[in-house]
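This report refers to the structure that appears directly beneath it.
The values are calculated or read from the model by the stated rules, or taken from the named source; none is laboratory data. This one's a predicted model, so the numbers in the text were calculated from it and none came from an experiment. Positions of Cβ are backbone-derived with ideal geometry, glycine not excepted, and every protein chain shown enters the neighbour counts.
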Amino acid sequence: MALKKIDASTPMSSDGVRFDVNNGDLQALLQIKDKWGFKGEAEVLRYALAVLKQAEKQVVYIDKNGAQIGLSPSEDLVIKREE
């Protein structure tokens, strides 16, 4: 298991990255966990990573009220690429 919730006092592994999720992002994470029935926050993130990895382009399509909606990151979240 490469993604797990750890105590803040736990030393970080040499090849790891630690994130501090708080405020609105934490509230969204907890709401998603409850809405989807995930076991924990790490499982939500693991699922999100798997979904994004499967996307062939920078768009993920969801079904909302019977319509397919394309979701992509806002410009302030990604590195601008030359085309």
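In this structure, is LYS80 exposed (fewer than 11 other Cβ atoms within 10 Å of the Cβ), of a type in the set (D, E, K, R) and either under 13 Å from the mean Cα position of the chain (by Cα) or modelled with pLDDT under 85 (or both)?
Considered against the rule, which asks whether it is exposed (fewer than 11 other Cβ atoms within 10 Å of the Cβ), of a type in the set (D, E, K, R) and either under 13 Å from the mean Cα position of the chain (by Cα) or modelled with pLDDT under 85 (or both), LYS80 comes out as yes.
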Limited to the range 23-56, what total is found for residues that are under 10 Å from the mean Cα position of the chain (by Cα) and of a type in the set (A, V, I, L, M, F, W, C)? 9
Note: among GLN31, GLN58, GLN27, just one is touching a Pro at 6+ places or on another chain (Cβ under 7 Å) and surrounded by 10 or more Cβ atoms within 10 Å (Cβ to Cβ), namely GLN58
Within the bounds of the range 15-31, is there any residue that is in contact with a strand residue (DSSP E or B) (Cβ under 9 Å, 6 or more places away or on another chain), among the aliphatic types (A, V, I, L, M) and either under 20 Å from LEU77 (Cβ atoms) or not in a loop (DSSP other than H, G, I, E, B) (or both)? no
